[in-house]
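Working notes, structure below.
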Amino acid sequence: MGNKVSPSPDDLPPVEDSYELLCKDGKRKIWCKQWKPNNIEKARCAIYICHGLGEHCMVYDFIAKIWAQKYDALVMANDHMGHGRSEGQPRAYTDSLSTFVSDVHMHIEEAYQKLQKTPEELPLFIFGHSMGGAISLLLARENPKRITGGLMLMGPLIEYSTYNLANLIKYHLTKTIGSILPANMPASPLLYTDCVSEPEQAAEFNKDPLRYHGWIRFGIVRAMFKAVEEIRDMADKFDVPIFLGHGTADKLCCPTAAQIFIDKAASKVKTLKIYQGGAHCLFHEFKSGIRNDLIRDLDEWLHDRMKATGS
């Protein structure tokens with residue numbers, strides 16, 4: 001029998017690790033995940049994945065593995081407070097997105113300290129979806145020079161969608177009445193049928209025990225309205241490289257607002273991709289081919305940015 005040939009490190013799947021971090025308030029822990037190249041010393045970039053409201057970071061396991069293996073990337077993520085495996089009550093709640101921003105910043109800094117590297121030495125990219133897109137933008141506003149690679153956003157919360165009259169009325173009622181109602185009071189149910197165009201995908205979302213299944217409270221709705229105002233105000237000062245992908249049929253976040261943000265942004269490197277008929281969660285648009293289109297577009301943008309940063 002011939003000698004068995006061992007696979008090269010480039011052919012091996014990424015090394016996965018999960019752990020908990022104690023947050024700065026000393027009162028709660030967040031669940032964290034990493035996907036690492038087999039030789040972490042040869043990592044070429046770091047990518048942080050920031051999930052949306054009601055999600056958890058393992059939703060993005062498939063793309064994390066692709067990036068870790070193809071780009072020798074240290075990919076990291078965590079479940080936000082009150083989401084997935086992280087601590088926090090009530091679930092899927094905060095009265096300020098700054099809490100999530102602070103946790104993300106802490107997680108990223110902790111990872112770089114362990115590597116004994118800086119974002120200048122190991123370019124940092126942030127991928128964010130929906131509320132995670134808003135968190136990513138707010139993080140970039142506070143630490144623009146740390147995001148040395150750039151932002152990759154999918155259906156980010158820049159403005160709520162008012163795609164029909166009923167949604168427009170609901171939006172204005174929530175914004176006005178919600179400002180005086182108790183923070184813990186339920187505002188509206190989180191409907192996964194609004195997130196995707198394929199019923200099979202909505203059914204999968206509803207079966208996922210780590211997703212949030214319940215009502216969104218007024219406190220976090222107010223927090224997201226505040227974030228929207230801050231993002232709107234910062235657009236013309238935003239100069240971090242950015243890729244933004246948005247579906248025209250997004251019922252939760254407004255694609256027109258994404259176009260306006262990109263037009264106003266001061267970034268020298270900015271790309272907007274609009275996916276016709278795409279719903280909110282573009283990675284779950286299988287039948288239309290949008291999922292594959294987005295993966296390809298992200299890959300091309302990431303490849304160009306890696307080349308530009310010399311990594």
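Any read-out appearing in this document is the output of simple, stated calculations on the displayed coordinates, not a laboratory observation. This one's a predicted model, so the numbers in the text were calculated from it and none came from an experiment. Virtual Cβ from ideal backbone geometry, glycine too; neighbours counted across all protein chains shown.
With all projection directions averaged, the alpha carbon convex hull of the chain covers 17.7 nm². Cross-link partners of residue 264 among lysines, defined as those whose alpha carbon lies under 21 angstrom from its own and excluding same-chain residues fewer than eight positions apart: 145, 226, 237, 273. Taking amide H positions as modeled 1.01 Å from N, with prolines and chain starts lacking one, the residues under 5 Å from residue 271 and 5 or more places away or on another chain are 242, 243, 244.
As a proxy for reagent exposure, ranking 160, 112 by other Cβ atoms within 10 Å from fewest up yields 112, 160.
When the chain is treated as a Gaussian network with alpha carbon springs shorter than 10 Å, the biggest mean-square fluctuation among 280, 80, 107 belongs to 107. Share of antiparallel DSSP beta bridges in the chain, in percent to the nearest 5? Beta bridges within the chain, antiparallel portion: roughly 40 percent.
At a 10 Å Cβ-Cβ cut-off, how would you order 76, 58, fewest neighbours first? Intermediate results must be reported in sequence, preceding the final value.
Details: 76 23, 58 19.
In increasing order of surrounding Cβ atoms, one gets 58, 76.
Using packing as a proxy for protection, rank 140-147, 176-183 so that the peptide with the highest average count of other Cβ atoms within 10 Å comes first.
Per-residue Cβ counts within 10 Å, averaged per peptide and sorted highest first, yield 140-147, 176-183.
Listed by chain and number, the aspartates and glutamates whose alpha-carbon sits under 17 Å from that of residue 117, ignoring those within fewer than 8 places in the same chain, are 41, 72, 109. Here the sum of -39500 (n - 2.57) over DSSP H runs of 4 or more residues, divided by the residues of the chain, equals -11000 deg cm²/dmol at 222 nm, to the nearest 500. Please label the shape of segment 241-298 as rounded, prolate or oblate, based on the square roots a ≥ b ≥ c of the eigenvalues of the alpha-carbon gyration tensor (a/c under 1.5 means rounded; beyond that, a/b larger than b/c means prolate, else oblate). Oblate is the answer for segment 241-298, as a/c is 1.5 or above yet b/c matches or exceeds a/b.
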